[in-house]
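Read through the structure below, which is laid out as structure tokens, and then see the notes.
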Amino acid sequence: GTAAFVANRVRSQTDVTNCEATKKGNFKVCVCGGSGGIGQPLSLLMAMDPNVGELSVYDLTIAMVPPGGVAADLGHLETKVKVKGYAKSLDEKAIDVLGDCLKDCNLVLVPAGMPRKPGQTRDDLFKINAGIFNGIAKEVVEACAKYCPNAVVALVVNPVNSVVPAMAELYKKKGLNPKNIVGVTTLDCVRANKFVAEITGADPDDVEIPVIGGHAGVTIMPVFSQDKHGSKIPAKDIPALDKHVQDAGTDVVNAKNGKGSATLSMAFAGARLGKAVLAGLNGTPTTECAYVLSDVMPGLPYFTSKVTFGKNGVETVHPIGKLNQYEKERLEEAKAALKNEIQSGLDYAASNS
Ligand code: NAD
Ligand code: LMR
């Protein structure tokens with residue numbers, strides 16, 4: 001009922017009204033990279049969503065924990081979910097397990113891939129994570145195209161700004177819906193909400209800062225003026241707060257000192273996005289910011305803005321709304337950087353069809 005929705009913090013302001021009437025779903029979800037730093041807690045949080053009937057945990061045989069082990073562990077939760085692990089061997093002759101793993105999936109969450117080390121940019125990860133040989137994103141997205149072409153494929157793997165255009169173009173070429181490829185930027189909203197709540201003393205549940213643009217450096221653009229608490233912050237404090245949100249990922253990378261990037265907060269954020277998608281598929285349209293194929297920003301075919309998820313996945317990509325003068329200037333800076341990062345993704349797609 002409503003209480004469970006609030007507890008799970010599916011943050012749609014306007015859309016949860018009919019959830020009381022909606023029967024829980026029985027969806028199949030896959031977490032690719034499910035044994036990883038994000039993958040394990042994300043698998044846990046998704047296994048706890050009452051809309052999930054089956055969970056596939058997919059990772060490499062050489063992962064830190066075998067995916068079968070993560071699945072055996074999660075299989076003891078006293079919920080309805082059935083959890084299965086699928087291990088991919090890097091041996092060329094090994095059987096492809098992705099068919100069973102992805103068959104009939106409704107949602108595929110992809111936190112597979114290398115995280116950043118101190119001093120690296122997210123862009124430095126592009127060749128590794130989208131690369132030609134054993135490209136994690138490409139391999140998984142191609143398998144989704146084959147085994148679950150209608151699933152929402154939520155890409156956490158960095159750099160989101162370039163990987164999403166590259167993979168959505170791949171879907172276009174296959175005649176599939178490129179809007180099924182969704183870049184996960186929820187963590188930027190989670191951070192902006194948290195920081196605003198800390199400054200203003202508001203209840204974090206009552207703060208809803210849209211973060212538009214993309215997911216790296218200056219492309220991360222919190223729109224403080226559109227929230228009732230954010231809009232009360234003095235103008236002189238906004239540039240530093242804006243920078244704090246932009247740098248939050250790097251702050252975690254530095255604090256982890258070479259041992260990875262945000263995992264737990266990312267799992268929290270990824271699960272929120274995942275639950276929003278499933279709520280939508282189950283008949284309760286739900287809105288979150290996400291980075292998708294978009295026509296809200298002329299010249300930028302991919303952009304983060306509020307997106308409503310419905311019965312068919314991405315239903316509405318919303319315009320960015322009103323900005324104040326500071327935000328209008330910031331938007332220009334975000335657009336210039338994002339343009340280049342989108343182009344890297346499109347170039348990749350053009351040379352890797
Ligand atoms: P991790 O190294 O802890 O886990 C990654 C997992 O992916 C590992 O278990 C690994 O075995 C698995 N993997 C690698 N190649 C694979 C393949 N071909 N098939 C299946 N599984 C494969 O890393 P992490 O900290 O969980 O981060 C994962 C990714 O998420 C990184 O690219 C990171 O930059 C990104 N990230 C994005 C956001 C965001 O806001 N979008 C936030 C945090 C991290
Ligand atoms: C984040 O924002 O925490 C992620 O994109 C990971 C990173 O590299 O900063």
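Of the residues Val277, Val307, Val314, which single one is under 22 Å from Val52 (Cβ atoms), touching a Leu at 6+ places or on another chain (Cβ under 6 Å) and away from ligand 2 (no atom under 16 Å from the Cβ)?
Being under 22 Å from Val52 (Cβ atoms), touching a Leu at 6+ places or on another chain (Cβ under 6 Å) and away from ligand 2 (no atom under 16 Å from the Cβ) holds for just one of Val277, Val307, Val314, which is Val277.
Which of the helices (runs of 4 or more DSSP H) found entirely inside region 117-194 contain at least 2 residues meeting this: charged (D, E, K, R)?
136-147, 160-173
For region 195-233, enumerate the residues that are in contact with a strand residue (DSSP E or B) (Cβ under 7 Å, 6 or more places away or on another chain), within 16 Å of ligand 1 (Cβ to nearest atom) and either among the small types (Gly, Ala, Ser) or assigned to a loop (DSSP other than H, G, I, E, B) (or both).
Within region 195-233, Ile209, Pro210, Gly213, Gly214, His215 qualify.
Is there any pair linking a residue in region 244-273 that is touching a residue at least 60 places away in the same chain (Cβ under 8 Å) to one that is among the hydroxyl-bearing types (Ser, Thr, Tyr) and in a helix (DSSP H, G or I), with Cβ under 6 Å and at least six apart or on different chains, and which?
Ala269/Thr186; Arg272/Thr186; Leu273/Thr186
Would you confirm, using the coordinates I've provided, whether Ser353 is assigned to a loop (DSSP other than H, G, I, E, B) and modelled with pLDDT under 95?
Against the criterion (assigned to a loop (DSSP other than H, G, I, E, B) and modelled with pLDDT under 95), Ser353 qualifies.
Among the residues of region 88-116, which ones are within 9 Å of ligand 1 (Cβ to nearest atom) and part of a strand (DSSP E or B)?
Of everything in region 88-116, those that are within 9 Å of ligand 1 (Cβ to nearest atom) and part of a strand (DSSP E or B) turn out to be Lys88, Val110.
Pairs only if they're at least six apart or on different chains, beta carbon under 7 angstrom, first in region 31-51 and more than 18 Å from Asp100 (Cβ to Cβ) and part of a loop (DSSP other than H, G, I, E, B), second more than 8 Å from ligand 1 (Cβ to nearest atom) and aromatic (Phe, Trp, Tyr); list them, first residue then second.
Filtered contacts from region 31-51: Asn51/Phe27.
How about region 227-243: which of its residues are in contact (Cβ under 8 Å) with a residue 24 or more places away in the chain, within 17 Å of Lys194 (Cβ to Cβ) and more than 16 Å from ligand 2 (Cβ to nearest atom)?
Matches in region 227-243: Asp227, His229, Gly230, Lys232, Ile233, Asp237, Ile238, Leu241.
The values are calculated or read from the model by the stated rules, or taken from the named source; none is laboratory data. The model shown is predicted, which means the values in this text are computed figures rather than measured ones. Positions of Cβ are generated from backbone atoms using ideal geometry, with glycine treated the same way; all protein chains shown enter the neighbour counts.
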